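Trainee: Okay, handing you the structure first.
The values are calculated or read from the model by the stated rules, or taken from the named source; none is laboratory data. Fair warning: this is a prediction, and the values are worked out from it, not measured in the lab. Cβ placement follows ideal geometry from the backbone for every residue including glycine, while neighbour counts extend to all protein chains displayed. Surface areas here come from the heavy atoms of the whole protein model, side chains and all, with no ligands, DNA or RNA. Shrake-Rupley method; radii C 1.70, N 1.55, O 1.52, S 1.80 Å.
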Amino acid sequence: MKWLRQLFFLQRRYDDLSVSIQEHLEERADELMEDGMPREEAVHAARREFGNVALIEERSREEWVWPKVEAIRADLKYAMRQLIKHPGFAMTAIVTLTLGIGANVIVFSVLNAVILRPLNVSEPQSLYNIEHQKHSYYSQSYPDYLDYRDRNSTFSGMAAYDMASVAIRIGKTATKNFGYLASGNYFDTLGVQPALGRFFHANDEHGTGSAPYIVLSYDFWRAGFNSNPNILGTTIDLNKQPFTVIGVASKEFHGTETFFWPDFWIPITNGPLIGYSAHYLENRSTHNPWVLGRLKAGVTPQQASDDLNAISRQLAEQYPAADYGLDARLVKPGLMGDMFGDPIRGFLAGMMILAALVLLAACANLGGIFAARAADRSRELAIRLAIGSSRWSILRGLLTEAVLVSLAGGVAGTLFATALLQAFSKWQPFTGLPFHAIVLPDEKVYVVALLLSLGSGILFGMLPAREIQRSDAAQAMKSGIVPETIFGRFSLRDLLLCIQIALCTLLVTASLVALRGMERSLHAPLGFQPEGVMLAGTDLTMAGYREEQFLPVQKRMLEEAARIPGISAVGIIDRTILGEGCCGREGVFRAGTTDFRKEIFGAHNFSISPGYLEASGMRLLSGRKFSWHDDANSPPVVLVNATFARMMFGNTPPVGQHFLLYRGTRPKEVVGIVEDGKYQSLTEEAQPAMFFPLTQEVNANNTVLVVRTALPSVEIAAALDRTLTRIDPNLPLTLHSWPDALDLALFPARAATTALGIMGFLAAMLAITGMFGMASYSVSKRMKEFGIRVALGAQRVEVMLTALGRPLLLLLSGSMAGLVLGVLASRLLALIVYEATPRDPLVLGGVLLAMPLFGVLATWIPARHALKVDPARLLRDE
């Protein structure tokens with residue numbers, strides 16, 4: 001580190017050296033004067049004896065610091081003077097890079113937080129979720145989890161968990177809260193420690209309902225209980241069932257899913273206490289819990305998968321009547337396995353590529369600016385070449401200037417991105433749901449930002465290198481450095497601008513594709529009519545009701561809501577379609593089947609009341625609707641959608657046909673066909689769905705009251721709240737309009753539209769600044785020529801076309817290339833946007849309209865400058 005200290009104190013050491021040499025010369029001169037020599041001769045004699053002072057100073061300096069470091073220091077000082085001397089150029093370059101690098105920092109920060117950053121647990125690299133090999137099957141049954149846990153030889157620990165919502169009473173208020181049902185070894189498997197008290201363990205579980213314990217999250221303890229240090233040992237009610245608080249999780253631990261931040265953890269064996277069916281823990285066909293395992297040291301994921309699949313084959317032989325086809329594969333945790341992992345990874349990969357294109361367009365823009373700047377400084381550079389400067393030293397100076405600009409842009413872009421990410425991290429996208437996204441940058445993000453900054457500076461800083469390397473000093477002093485041409489007519493700056501416009505056209509195309517995708521999402525056939533519908537959701541188990549009490553309460557809710565003036569239809573469904581908690585899926589079998597190990601297909605299943613079709617606006621295509629006579633004493637009936645009917649019965653008329661759900665149930669008779677719709681997401685393909693009578697599915701504790709009305713949302717919400725509270729004040733209610741409930745389903749489309757809209761805006765700004773810079777430069781360099789042309793009789797419009805012909809030609813060429821890239825990038829855009837179609841006539845028309853508009857905006861000021869040319873003044877100035 002000695003040389004580094006020397007580098008920072010060089011000037012002081014140089015001054016000390018000069019003073020020492022001067023003192024030595026004066027002492028020698030004094031000695032000579034004492035011998036009788038006149039002072040002037042003594043001074044000259046002392047200097048002759050000492051030698052070349054400048055050379056000795058230079059050699060002495062070389063002993064203190066590396067010559068290359070000194071040269072770099074000089075380049076830095078010179079580059080700083082040049083940037084201060086030309087603030088307009090410096091600010092343009094820095095702002096351009098701020099946009100490009102800032103966009104990349106934001107996208108990479110999200111990618112890092114969601115994909116790259118491991119869970120905040122002990123040794124997260126050895127944790128895996130265990131899913132089925134067939135995609136779309138992510139969870140396991142609890143009995144299968146127990147067999148996996150006890151029989152495997154490749155995991156040091158294996159835990160099960162599920163998400164649950166309960167009503168927690170604090171004082172006189174009952175609120176809906178979300179948390180985890182977790183196996184007793186959950187915390188031990190993760191290797192986390194509590195902030196207060198203790199966690200529950202495997203030895204706390206002794207059967208169903210044996211461990212009524214609850215662990216609070218740190219945030220819930222602070223917000224709901226005012227950080228009460230005496231909380232341990234107190235009892236709180238979950239769905240009117242008492243649970244004892246035994247611990248508080250650490251501030252840093254938020255469970256095992258990236259976006260889901262739970263309020264609590266309770267043992268999974270207590271599921272029946274809060275309203276879960278006993279089948280939840282006993283039925284091998286009920287696949288609800290997620291399974292998480294920690295690999296033993298030295299075991300690979302493939303070895304673990306093989307081990308679990310061997311256990312699956314044993315289970316299939318041991319339980320031949322169970323609904324199997326069981327197998328296993330390992331995926332990284334944090335995004336609910338591949339349920340959300342695959343689409344999120346695809347989206348972020350596509351956004352990262354597009355963000356890189358924004359940075360590349362910014363670099364192309366800056367490359368053109370630096371090439372033009374090198375041309376403007378051609379005489380200065382030629383003089384430096386003529387007096388002995390090496391081409392490398394000149395290029396090194398330009399490169400140093402470029403790196404300084406890029407570092408300044410990188411710092412500004414990172415600060416800008418950090419401010420946006422801090423605001424984003426405080427955002428809660430879905431009201432009432434504990435979804436959070438903490439995407440603040442860490443050291444990994446800062447390293448990437450630094451690398452992008454240095455890479456960008458080197459990239460556009462090296463672009464003028466070829467022109468400088470091949471330039472002739474004598475010729476340059478006469479006419480400047482002549483830009484190198486490509487294909488006979490186009491310079492490097494032209495090529496860079498064309499590339500920039502092509503990339504910007506691609507990004508503008510992507511943003512228009514996203515807008516069209518959003519429009520299609522909003523107008524996609526949903527299978528129901530959400531406008532004018534208010535939803536009132538509750539869970540009867542949260543208010544302490546038992547299964548036999550569900551139907552009477554639900555009937556009363558329907559009757560009381562129907563009496564509210566202004567309501568035209570009312571019905572009940574057990575889950576909000578395209579909303580929270582949707583959807584259940586169940587295997588379907590042909591009538592007469594005795595082998596239930598392989599289903600025909602899986603279908604979404606819902607329980608609805610009479611009147612639901614009218615309230616939701618769902619169309620009945622054939623057959624009949626449900627009535628209150630379809631009760632537990634009548635034959636089981638079902639409504640299916642058109643896709644279900646086609647997949648199960650083909651061309652056979654479906655009404656009157658039967659099918660089975662699982663062993664031991666009576667055949668279901670199809671009494672009606674309803675229209676197809678969207679159930680889980682707007683991007684899904686046509687899915688089979690079935691609707692059962694609420695009167696025959698008496699275990700439907702989730703209750704969503706669907707009310708169709710022409711009244712304003714605020715008015716009907718208040719009326720429903722009063723009405724349902726009169727029925728039971730303990731019912732936790734969630735009231736919102738159906739369009740508002742679609743926020744969860746519309747979020748991907750809105751996120752894609754917003755992200756690509758920002759990218760398109762940045763691209764448009766870069767395209768406008770790039771074309772403006774080239775047009776302004778072209779006009780400024782040819783003003784003398786334009787004055788002569790006007791003086792000789794040329795029309796001003798002809799002069800303007802001459803001045804702007806090249807930029808407009810490059811705009812046309814780059815736009816065509818960008819459109820072709822947009823069509824070729826369909827697969828990339830499909831990762832981000834629903835039904836991405838760059839070939840859409842409206843998208844193509846929008847691009848063909850937008851790019852000329854950008855051209856007009858960019859060239860308007862240079863065009864006016866060219867039209868106002870005054871030949872007399874120009875010739876007089878010459």
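Trainee: First measure r as the distance between the Cβ atoms of LEU733 and GLN529, then evaluate 1/(1 + (r/R0)^6) with R0 = 25 Å and state the FRET efficiency to the nearest 0.05.
Mentor: Taking R0 as 25 Å, the efficiency between LEU733 and GLN529 is 0.60.
Trainee: Multiply the residue gap between VAL95 and SER250 by 0.36 nm, knock off their C-alpha separation, and tell me the result in nm, one decimal place.
Mentor: 51.6 nm
Trainee: Just the accessible area for HIS206, please: 1.4 Å probe, Å², rounded to the nearest 10?
Mentor: Rounded to the nearest 10, the figure is 140 Å².
Trainee: Note down the nm distance, to one decimal, between modelled labels 7 Å out along Cα→Cβ at MET33 and at PHE424.
Mentor: Placing both labels 7 Å along Cα→Cβ, they lie 7.4 nm apart.
Trainee: Using Cα-Cα distances under 8 Å and only pairs 6 or more residues apart, what relative contact order does the range 124-333 have, in percent?
Mentor: In percent, rounded to a whole number, it is 35.
Trainee: Nearest 0.05, what FRET efficiency do GLU715 and ALA686 give at R0 = 60 Å with Cβ-Cβ as r?
Mentor: The pair GLU715/ALA686 has a calculated efficiency of 0.95.
Trainee: Stretch ASP219-LEU849 to full length: gain in nm at 0.36 nm per residue minus the Cα-Cα span? All intermediate terms of the calculation are to be shown ahead of the outcome.
Mentor: Numbers: separation 630, 0.36 × 630 = 226.80 nm, distance 5.11 nm.
Here the segment from ASP219 to LEU849 would lengthen by 221.7 nm.
Trainee: Highest mean first, how do 411-423, 19-31, 748-760, 568-580 rank when packing is the count of other Cβ atoms within 10 Å averaged over residues?
Mentor: On the way: 411-423: 17.6, 19-31: 13.1, 748-760: 20.5, 568-580: 22.2.
Top of the packing list down: 568-580, 748-760, 411-423, 19-31.
Trainee: I need the peptides 638-644, 809-815 ranked by packing, meaning the mean over residues of other C-beta atoms within 10 angstrom, with the highest value on top.
Mentor: With the highest mean Cβ count within 10 Å placed first, the list reads 638-644, 809-815.
Trainee: Using the heavy atoms of the protein chains and a 1.4 angstrom probe, tell me the accessible area per residue for the range 124-333 in square angstrom.
Mentor: Spelled out: the 1.4 Å probe surface of the range 124-333, per residue, equals 40 Å².
Trainee: Follow-up question, since we're still on this one. Counting other Cβ atoms within 10 Å, keep those with at most 13, restrict to DSSP loop, and tell me which chymotrypsin sites (Phe, Trp or Tyr not before Pro) in the range 582-630 are left.
Mentor: Numbers: sites: PHE589, PHE596, PHE601, PHE606, TYR612, PHE626, TRP628; in loops: PHE596, PHE626, TRP628.
Hits after loop and neighbour filter: TRP628.
Trainee: Listed highest first by mean packing, meaning other Cβ atoms within 10 Å per residue, what order do 290-302, 347-359 come in? Display every interim value, and only then the final one.
Mentor: Details: 290-302: 17.5, 347-359: 21.2.
Sorting 290-302, 347-359 by mean packing, highest first, produces 347-359, 290-302.
Trainee: Between SER627 and LYS77, what is the label-point separation in nm under the 7 Å Cα-to-beta-carbon projection?
Mentor: In this crude label model, LYS77 to SER627 measures out at 9.9 nm.
Trainee: While we're here: Accessible surface of GLU715 in the full protein assembly, 1.4 angstrom probe, to the nearest 10 Å²?
Mentor: 100
Trainee: Cα-based Rg (one decimal) and Dmax (whole number) for the range 124-333, in Å?
Mentor: 17.5, 54
Trainee: Moving on. If you count only protein heavy atoms and use a 1.4 Å probe, how large is the accessible surface of ARG646, to the nearest 10 Å²?
Mentor: Probe radius 1.4 Å; accessible area of ARG646 about 130 Å².
Trainee: Would you work out if the range 681-734 is rounded, prolate or oblate? Take a ≥ b ≥ c from the square roots of the eigenvalues of the alpha-carbon gyration tensor; rounded if a/c is under 1.5, else prolate when a/b is larger than b/c, oblate otherwise.
Mentor: Oblate is the answer for the range 681-734, as a/c is 1.5 or above yet b/c matches or exceeds a/b.
Trainee: Let me check something: with ligands and nucleic acids excluded, how do THR734, THR538, THR683 order by accessible area (1.4 Å probe), largest to smallest?
Mentor: On the way: THR734 50, THR538 15, THR683 80 Å².
Accessible-area ranking of THR734, THR538, THR683, largest first: THR683, THR734, THR538.
Trainee: Top to bottom by accessible area (1.4 Å), largest first, where do TRP427, TRP738 land?
Mentor: Numbers: TRP427 110, TRP738 5 Å².
Highest to lowest solvent-accessible surface, that is TRP427, TRP738.
Trainee: Which percent of the accessible area of the range 124-333 is formed by carbon and sulfur heavy atoms (probe 1.4 angstrom)?
Mentor: 50
Trainee: What number, in percent, do you get for the relative contact order of the range 229-272 if the mean sequence gap of Cα pairs under 8 Å and at least 6 apart is divided by its residue count? Could you put the intermediate results ahead of the total?
Mentor: Values: 24 pairs, mean separation 9.5, N = 44.
About 22 percent, as a whole number.
Trainee: Here is a further query. Once a ≥ b ≥ c are taken as the square roots of the eigenvalues of the Cα gyration tensor of the range 533-738, is the result rounded (a/c under 1.5), prolate (a/b larger than b/c) or oblate (a/b not larger than b/c)?
Mentor: prolate
Trainee: When ligands, DNA and RNA are left out and all protein chains stay put, how many square angstrom of accessible area per residue does the range 533-738 have with a 1.4 Å probe? Don't jump to the answer; show the numbers that get you there.
Mentor: Values: 8780 Å² over 206 residues.
About 43 Å² of surface per residue is accessible.
Trainee: Hey, what did the range 533-738 get for relative contact order, percent, Cα under 8 Å, at least 6 apart? Walk me through the numbers on the way to the answer.
Mentor: Details: 430 pairs, mean separation 78.5, N = 206.
Relative contact order, the range 533-738: 38 percent.
Trainee: Something else now. On the protein heavy atoms, probe 1.4 angstrom, tell me the percent of accessible surface of the range 703-772 carried by carbon and sulfur. Kindly include the intermediate steps, with their values, before the conclusion.
Mentor: Working: 1910 of 2880 Å².
Here carbon and sulfur together make up 66 percent of the probe-accessible area.
Trainee: Now a separate question. Take ARG597 and LEU842, extend 7 Å from each Cα along the Cα→Cβ direction, and tell me the distance between the two endpoints in nm.
Mentor: About 5.2 nm, to one decimal.
Trainee: Taking the Cβ-Cβ separation of ARG556 and LEU440 as r and a Förster radius of 35 Å, what is the calculated FRET efficiency to the nearest 0.05?
Mentor: Numbers: r = 49 Å, r/R0 = 1.40.
Between ARG556 and LEU440 the formula returns 0.10.
Trainee: Another question, if that's okay. Share of the range 511-611's accessible area from carbon and sulfur, percent, 1.4 Å?
Mentor: Roughly 50 percent, rounded to a whole number.
Trainee: Over 16 Å, how big is the tail of the calculated P(r) for the range 531-619, in percent of all Cα pairs? If you can, show how the numbers build up before the last one.
Mentor: Details: 2542 of 3916 pairs.
Tail of the P(r) past 16 Å holds 65 percent of the pairs.
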